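Rule-based calculations on the coordinates, nothing more; no lab input. Here the structure is a predicted model, which means the values were calculated and not measured. With ideal geometry, Cβ positions are generated from the backbone for all residues, glycine too; neighbour counts draw on all protein chains shown.
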Amino acid sequence: MSLNYEEMSWSDVREQFRKWREESGRHSEEVVQLWVAVLEDKVHKTGNERHLILEQVIVAALDTARFDIATKCTKQLSAEFPGSLRVMKFKAMRLEALEQYDAANEVLDAIIEKDETNAAPRKRKIAIMKARGLRLDAIKELNAYLKKFMSDQEAWQELCNLYLSEGEYGKAAFCMEEVLLHNPHSHLIHQRLADIRYTLGGVENIEIARTYYSQAIKLNPHNLRALYGLFLCCSFLANCKAVSFKRKDSQKLAQWALEQASIHTARRSTIKNNDKWIASLDSAFGSLEIKSN
C-alpha cells in the first residue's frame, strides 16, 4: 500500500488506523511508518482512541522488530494502568519476540494466576512451546487447555495440526470432528476431515472419507480437491475385494467425479488450448488404481 505521509494529518492517520482495526488488518509496516512520521507526537489528540492506537502500534512494532517503539508504547500504557493484565500481556509478547521465553512464561504465569479464566496467556504459552520446537509439550498443554475451554474452535484446529505433524492421524481426525461440530456447513472442514480419513487408509476409513468428500461437494460443487478425493475413494472401493456390494455404484460415482473435475478444470484454467492437457489428466486419473493390502 502506498501512502503519502507528508499530505496526511494526524486525524487522517487516526481514521486510517481505525479502518484497519475494523477490518482486522495488521498492516504492520504502514502502522509503524505512520506512527513515526505523523502520529507519535500527536497521539494525545486522539481522545478515547489513544489506548487502542497504542496497542495497535505495539503489535505492529513487534511484527517489524521495532522493539524500541514497542517498549515506549508499553511503558505509556503501564504508567496509566499499573498492574493491568492487558498491559502484562504486551510485556510478555515483547519478551517472546526477543526470544526471552523463560521470562515471557513467568509473566504469562502471573497473568494466569491472577485470572484463571483468561484464555489468551494460555495460548501464548502454547505458541512459545511451538516456537521452541516442543511439539509434544504443546500437545499436552493444548489438551489441558481444551479441558477448560472446550468450545475454542481455533484450539481444536491447532491441536489437529500438531497431531498431523506427529503422524497421529486418528487423534487428528477426532479434533477435526470437534471443529465440524462448531461449523457444520463449511465445505473446507468436511474436505479436511475426509483427507485425514483417506490418509488413515482401510476400507472403513475410505468409506467415511467418501461420505465427507460427498458432503463437501454438496456444500460447494466447485471444490476440485473434494472431487478428486471422491474419485480416489470410489476407485479404491470399486477395486477392493473386501467390498462385494455396490461396486458398480462406486465405479459410476468415480466416473462422475472425474467428469466434474475435468469440467471445472477446463473452466478455471488460464492456459489456452488446454484440451490436450486435460485429456492427459483424465487419462492419468482414469488409469490410477489403488489396491488394498
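The table that follows gives values for the structure above.
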| read-out | value |
| --- | --- |
| Cα long-axis angle, helix 275-286 against the chain (0 to 90 degrees, to the nearest 10) | 70 degrees |
| Difference of contour (0.36 nm per residue) and Cα-Cα distance, D63 to E29 | 11.4 nm |
| Nearest-0.05 FRET efficiency for R18 and A110, computed from C-beta distance (R0 41 Å) | 0.80 |
| Tilt relative to the chain, helix 67-80 - C-alpha long axis, 0 to 90 degrees, to 10 | 60 degrees |
| Helix 50-63 vs. the chain, principal-axis angle (Cα, 0 to 90°, nearest 10) | 60 degrees |
| Candidate lysines - alpha carbon under 18 Å from K246, same-chain residues fewer than 8 apart omitted | K291 |
| Extension gain (nm, one decimal) between K241 and A119, 0.36 nm per residue minus Cα-Cα | 38.9 nm |
| Per-residue [θ]222 nm for the chain (sum of -39500 (n - 2.57) over DSSP H runs n ≥ 4, rounded to 500) | -23000 deg cm²/dmol |
| For segment 141-152, 3J(HN,Hα) per residue [Karplus equation, 6.51 cos²θ - 1.76 cosθ + 1.60, θ = phi - 60°, Hz, x = Gly/Pro] | 5, 5, 5, 5, 5, 6, 5, 9, 10, 5, 8, 7 |
| Length-normalised contact order for the chain - Cα pairs under 8 Å, 6+ apart - percent | 7 percent |
| Residue-span extension gain [L200 to L134] - 0.36 nm each, minus C-alpha spacing | 21.3 nm |
| Across the chain: Cys residues that no other cysteine approaches within a C-beta distance under 4.7 Å | C73, C233, C234, C240 |
| Segment 34-111: C-alpha gyration tensor shape, a/c 1.5 cut-off, then a/b vs b/c | oblate |
| Inverse of mean 1/r across different Cα pairs in segment 183-265, Kirkwood, Å | 12.4 Å |
| Over segment 183-265, relative contact order from alpha-carbon pairs under 8 Å, at least 6 apart, % | 26 percent |
| Diffusion constant of segment 65-110 at 4 °C, which comes from Stokes-Einstein with the Kirkwood Cα-pair radius and 1.567 mPa s, µm²/s | 122 µm²/s |
| Förster radius 30 Å - calculated FRET efficiency between K248 and S165 (Cβ-Cβ, nearest 0.05) | 0.15 |
| The chain - charge dipole about Cα centre, Lys and Arg +1 at Cβ, Asp and Glu -1, debye rounded to 20 | 960 debye |
| Environment charge at R14 (Cβ cut-off 12 Å; Lys +1, Arg +1, Asp -1, Glu -1) | +3 |
| Reachable lysines from K45, criterion Cα separation under 27 angstrom, eight or more residues apart if same chain | K19, K72, K75, K89, K91 |
| In nm, spacing of pseudo-spin labels at N48 and K75 (7 Å Cα→C-beta vector) | 3.0 nm |
| Between segment 88-122 and segment 143-171, the Cα center-to-center distance that results, in Å | 21 Å |
